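**Student:** For reference, the structure I am asking about is given below.
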Amino acid sequence: MTSTGMTSTILYGRATASIQLATAIQQCKDNLKKAVALLYTPHRCYLAVLTDEGHCVDEQAQAVDYKAVFEARLFTPECEFRWLNHTGGLGRAVLLSESKIDPYLEQALADLQALDTLPQQYILWGEGIEQSADDDWSTLATARIGRLPIPIKGIDLNKGACLKSREYLAAETEFGNMAVVEERLLSLTPIDIPKA
């Protein structure tokens, strides 16, 4: 801990400039055990989980069709993987962690020396609906958005979920002001929804 009360943190990164999503996930799967995947296609945003074999599957245990995905973020409390399609199914993959991640992807990114970190959360739309207690997935629902299956067991009535993340603060280069220079997704967590 520094004299200002802030905690210095190093964020390590690796990247590959032009790679298919499936290949990039396979290269990083050892760091992504039990990862949650946030996937974007032209028609929807949805969640999946990464199997031990390195394949994303949906709530019905069906393999994700990576051809439709243009952006992916897979995350665990230890690291986050990002991929963004640039052209023809090839995109830039990035792996971020507070631990050294040397053997993954092709290029080392400059270490980010964060002066401090801040916890953050994003509450997902919807509330849990009644479902089987044996299911490893729950469903959030709201009239405006519809249904969103989430890979958390037991999200029932009066419950919801949020994405937890960590913001990394550092002095920005132009004026030296403290700013959020990076953010890393950490987990998908159940929450209580207060009643009005």
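**Student:** How big is the antiparallel share of DSSP beta bridges in the chain, given as a percent to the nearest 5? If you can, show how the numbers build up before the last one.
**Tutor:** Working: 66 of 66 bridges.
Antiparallel bridges make up about 100 percent of those DSSP assigns within the chain.
**Student:** Could you pull out every residue, at least 5 positions away or on a different chain, whose amide H is within less than 5 Å of the one on LYS159? Hs are placed 1.01 Å off N in the peptide plane, and Pro or chain starts have none.
**Tutor:** For LYS159, whose amide H was placed from the backbone, the distant partners under 5 Å are GLY128, ILE193.
**Student:** Also: Please sort by residue number the chymotrypsin sites (Phe, Trp or Tyr not before Pro) in the stretch 109-175 whose DSSP state is loop and whose Cβ has at most 16 other Cβ atoms within 10 Å.
**Tutor:** Passing sites in the stretch 109-175 are TRP125, PHE175.
**Student:** Quick one: what are the phi-derived ³J(HN,Hα) couplings along the stretch 13-20, Karplus 6.51/-1.76/1.60 with θ = phi - 60°, whole Hz, x for glycine and proline?
**Tutor:** For the stretch 13-20, the Karplus-derived couplings read x, 9, 8, 9, 6, 9, 8, 6 Hz, x marking Gly and Pro.
**Student:** Looking only at trypsin sites (Lys or Arg not before Pro) in DSSP loops with at most 15 other Cβ atoms within 10 Å, what is the longest site-free stretch of the chain? Numbers along the way, then the final one.
**Tutor:** Details: sites that count: LYS33, LYS34, ARG44, LYS100, ARG144, LYS153, LYS195.
Answer - 45-99.
**Student:** Loop-only GluC sites (Glu not before Pro) in the stretch 45-140, please: DSSP not H, G, I, E or B, and at most 10 other Cβ atoms within 10 Å. Don't jump to the answer; show the numbers that get you there.
**Tutor:** Working: sites: GLU53, GLU59, GLU71, GLU78, GLU80, GLU98, GLU106, GLU127, GLU130; in loops: GLU53, GLU59, GLU78, GLU98, GLU106, GLU130.
Sparse-neighbourhood loop GluC sites (Glu not before Pro): GLU53, GLU130.
**Student:** Mind checking the dipole of the stretch 10-87: about its Cα centre, +1 per Lys or Arg Cβ, -1 per Asp or Glu Cβ, Debye to the nearest 20?
**Tutor:** Values: 8 positive and 9 negative charges, 41 e Å.
My answer is approximately 200 debye.
**Student:** For SER99, SER138, which order do you get if you count the other beta carbons within 10 Å of each Cβ and list the fewest first?
**Tutor:** Details: SER99 10, SER138 23.
Exposure proxy ranking, most exposed first: SER99, SER138.
**Student:** Output the relative contact order of the chain, whole-number percent, from Cα pairs under 8 angstrom with separation of 6+ residues. Don't skip to the end; give the middle numbers.
**Tutor:** Values: 474 pairs, mean separation 42.2, N = 196.
RCO, the chain: 22 percent.
**Student:** Here's another thing I want to ask about it. Please name whichever of ILE150, THR41, ALA179 sits farthest to the positive end of the charge dipole of the chain, dipole taken about the Cα centre and charges placed at Cβ: Lys and Arg +1, Asp and Glu -1.
**Tutor:** Value computed over the given set: THR41.
**Student:** Something else about it: Using only alpha carbon pairs under 8 Å that are at least six residues apart, calculate the relative contact order of the stretch 11-111 and give it in whole percent. Don't skip to the answer; put the middle values down first.
**Tutor:** Details: 226 pairs, mean separation 40.5, N = 101.
Normalised by residue count, the contact order of the stretch 11-111 is 40 percent.
**Student:** Where a ≥ b ≥ c are the square roots of the eigenvalues of the C-alpha gyration tensor, would you call the chain rounded, which needs a/c under 1.5, or, failing that, prolate if a/b is larger than b/c, or oblate?
**Tutor:** Working: a/c = 2.02, a/b = 1.25, b/c = 1.61.
Note, shape of the chain comes out oblate.
Bear in mind that the values in this text are calculations on the coordinates, not laboratory data. Keep in mind that what you see is a predicted model, and the values were worked out from it rather than measured. Positions of Cβ are generated from backbone atoms using ideal geometry, with glycine treated the same way; all protein chains shown enter the neighbour counts.
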